[in-house]
1. Accessible area lost on pairing A with B, both sides, 1.4 Å probe, Å² to nearest 100?
2. Please check the range A:104-138 for residues whose accessible area, probe 1.4 Å, is lower by 30 Å² or more when all protein chains are in place than in their chain alone.
3. Check the straight Cα-Cα distances from B:Lys73 and name the aspartates and glutamates below 19 Å, setting aside those fewer than 8 residues away within the same chain.
4. Hey, got the average number of other protein chain Cβ atoms within 10 angstrom for residues in B:139-146?
5. Using the heavy atoms of the protein chains and a 1.4 angstrom probe, tell me the accessible area per residue for the range B:1-149 in square angstrom.
6. If I ignore ligands, DNA and RNA and count only protein heavy atoms, how much of B:His129 is accessible to a 1.4 Å probe, in Å² to the nearest 10?
7. Per 5 Å bin, what percent of the C-alpha pairs of the range B:74-127 does each bin hold, from zero upward?
8. Membrane-span-like helices in chain A: DSSP H runs reaching 27 Å or more (Cα, own axis), mean Kyte hydropathy at least 0.0?
2 protein chains.
Amino acid sequence: MPWLTCYLFKGLSKSQLQRIANISMEKQFQKGQLLFHEGRKADQLFLLKEGKVELLTKIGEAIELPIDILRSKGSCFGTTILVAPYLYSLSSRCAEDSSLIVIKKTDLEQVISQDCELGFIMMSNMSQHLLERLKETREELKIHFRTFVKSVHA
Amino acid sequence: MPWLTCYLFKGLSKSQLQRIANISMEKQFQKGQLLFHEGRKADQLFLLKEGKVELLTKIGEAIELPIDILRSKGSCFGTTILVAPYLYSLSSRCAEDSSLIVIKKTDLEQVISQDCELGFIMMSNMSQHLLERLKETREELKIHFRTFVKSVHA
């Protein structure tokens, strides 16, 4: 189960990973297929097994801004099934025919309700990932700020 | 204990809040005092009881960029004691004489090790907060991107 290398599962025991595997379903998706839409209710977590998936956001109605392209086995997305208010924060689309592992929010919630330690580890991993993304995004803002300061002083 | 209104403690039971209160210490700090420095090892969580605290980041060596000013009772900062690699992600300084509640990382870890549900709730709250900050920061980036696109097409 190489797709269980997703950062969310780091630190789980073999039996905990097995419980995650038990609620996982493999599904096939075609190139161009939209997996979920930014702002919609998040009810499924996805893990990449084979293929390529784009994450993107819209700026107004016209511009699609690519945020990331996932290629590595075990890359996970739709992780906001774990975080209130449980809405997808980006859109996701297959950039080529892809084989994905799908985990339903309700199934994962049941596993967590039966094993608090598993839930704690996953939420700790989630926080770590979100903090890393936040730092990266702040760094991008700093670059814009530097450019702005330079243009003012030019 | 109005400072226990911090978002991290949302959803905890009365007895869980009492365990947090038991490891909390009130301390006085003076205007201008640096509470912690961006990038340093995070070993204390702070909650605002009275006063005003600035959060800031440095751009290069010369420019200090203010990120937030905390004025509300229960505002918490230094929350990266909960998130690996346990480094403060911003600097923090008292903007006026302040009364703060300090919780040591080691004490909080002990409470969490004795009550997994408490840990799970706190990490879920942490993830929710980080996701909100990430969305805000992405929105700021989008504004810069829009400005950039407009200037290119001008």
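The values are calculated or read from the model by the stated rules, or taken from the named source; none is laboratory data. Fair warning: this is a prediction, and the values are worked out from it, not measured in the lab. Glycine also receives a Cβ, built like all others from the backbone with ideal geometry; neighbour counts cover every protein chain displayed. We work out accessible area using only protein heavy atoms, side chains counted, and drop any ligands, DNA or RNA first. Shrake-Rupley method; radii C 1.70, N 1.55, O 1.52, S 1.80 Å.
1. Heavy-atom accessible area buried at this interface is about 3400 Å².
2. A:Cys116, A:Phe120, A:Met123, A:Ser127, A:Gln128, A:Leu130, A:Leu131, A:Leu134, A:Lys135, A:Thr137, A:Arg138
3. The qualifying aspartates and glutamates are B:Glu26, B:Glu50, B:Glu54, B:Glu96, B:Asp97.
4. On the way: counts 1, 6, 9, 6, 3, 7, 5, 3.
If you average over the peptide's residues, the count of other-chain Cβ atoms is 5.
5. Heavy-atom accessible area per residue stands at 50 Å².
6. Its accessible surface works out to 40 Å², give or take rounding.
7. Cα pair-distance distribution for the range B:74-127, in percent: 4, 15, 24, 28, 15, 9, 4, 1.
8. Result, helices passing both filters: zero.
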